[in-house]
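Trainee: Following this message is one structure expressed as structure tokens.
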Amino acid sequence: MGLLEGKRALITGVANERSIAYGIAKSFHREGAELAFTYANEKLKKRVEEIAEEFGSNLVFECDVSKDEDIKSLGEWLSQVWGKFDILVHSIAFAPRDEFKGGVIDTSREGFKIAMDISVYSLIALTRELLPLMEGREGSIITLSYYGAEKVVPHYNVMGIAKAALEATVRYLAYDIAKHGHRINAISAGPVKTLAAYSITGFHLLMEHTIKVNPFGRAITIEEVGDTAAFLCSPWARAITGEVIHVDNGYHIMGVFGREEEIKKEVFSEGK
């Protein structure tokens, strides 16, 4: 019997098979959860329908989280197809491409508003609208963050600010929804080669640096994030809420240097 047997999970933010949300859906499906999916616009519809079919689902719904009416319609649709459900996966973040050029000091007012609305407020709006559908189900909510919420990552810019706000939102929502018996946590995932990642200037250099520094010397996989999400949404994590769990091969614990062999190369290389 899987960890999530009998659970119903709504997955947002799947773009393709490289998406972190896809890795989460894969783990949830393996652990026995029934899945439904949202897509942001018509351009993504066919791709998300194909992914849903892969996981034995035909439950796919369009939802632009910048529109309150779409979120309300999502709640009405879920009420019709499921009645109640157990898990919400919030894997949604966006800032205009131009906001990743230059520095934070170059952030436009409109770009800031868009980043905060799509990446942060959407979690609040979805939680508020869908919470009644979790009544009596010990619901669990997962969102995705990144180390740029804690430390400066060049060119991550306004998204780092948004992720910091997202992590604070998780803590405040954890307090609010606990009275209903529900939990919420964030996963701070290491860099993954997703469509969104390539909006960040110099992403390939960031990936190389992360691999060089983290203790395991390799990139994370979407499956590793998915397995952590499955655990957090299972009864095994029933006392965990309001947390930010790092799935980054230990990158966040490291200081200036990296693994021992890299330090030796830097310090004891010829001519030093």
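Trainee: Within the set of pairs 6+ apart or on separate chains, which have a first residue in segment 242-254 that is touching a residue at least 12 places away in the same chain (Cβ under 8 Å), a second that is assigned to a loop (DSSP other than H, G, I, E, B) and surrounded by fewer than 17 Cβ atoms within 10 Å (Cβ to Cβ), and C-beta atoms under 7 Å apart?
Mentor: ASN249/PRO215; ASN249/PHE216; ASN249/ARG218; GLY250/PRO215; GLY250/PHE216
Trainee: With the structure loaded, tell me whether ARG18 is among the charged types (D, E, K, R), in contact (Cβ under 8 Å) with a residue 24 or more places away in the chain, under 24 Å from LYS193 (Cβ atoms) and not in a loop (DSSP other than H, G, I, E, B) or whether it fails that test.
Mentor: Criteria not met by ARG18.
Trainee: Follow-up question, since we're still on this one. Could you please let me know if GLU99 is over 26 Å from PHE231 (Cα atoms), among the acidic types (Asp, Glu), buried (at least 19 other Cβ atoms within 10 Å of the Cβ) and in contact with a helix residue (DSSP H, G or I) (Cβ under 7 Å, 6 or more places away or on another chain)?
Mentor: Considered against the rule, which asks whether it is over 26 Å from PHE231 (Cα atoms), among the acidic types (Asp, Glu), buried (at least 19 other Cβ atoms within 10 Å of the Cβ) and in contact with a helix residue (DSSP H, G or I) (Cβ under 7 Å, 6 or more places away or on another chain), GLU99 comes out as yes.
Trainee: Pull up segment 1-39, narrow it to residues that are polar (S, T, N, Q) and under 12 Å from GLY226 (Cα atoms), then point me to the one that is modelled with the highest pLDDT.
Mentor: Checked segment 1-39; the qualifying residue modelled with the highest pLDDT is SER27.
Trainee: What's the number of the only condition in (1) crowded, with 16+ Cβ neighbours inside 10 Å; (2) at pLDDT 95 or above that ARG238 fails to meet?
Mentor: (1)
Trainee: Does segment 41-54 include one or more residues that are of a type in the set (S, T, N, Q), surrounded by fewer than 20 Cβ atoms within 10 Å (Cβ to Cβ) and at pLDDT 95 or above?
Mentor: Taking every residue of segment 41-54 in turn, none turns out to be of a type in the set (S, T, N, Q), surrounded by fewer than 20 Cβ atoms within 10 Å (Cβ to Cβ) and at pLDDT 95 or above.
The values are calculated or read from the model by the stated rules, or taken from the named source; none is laboratory data. All figures in this text were calculated on a predicted structure; none of them were measured in a lab. We place every Cβ from the backbone using ideal geometry, glycine too, and count neighbours over all the protein chains shown.
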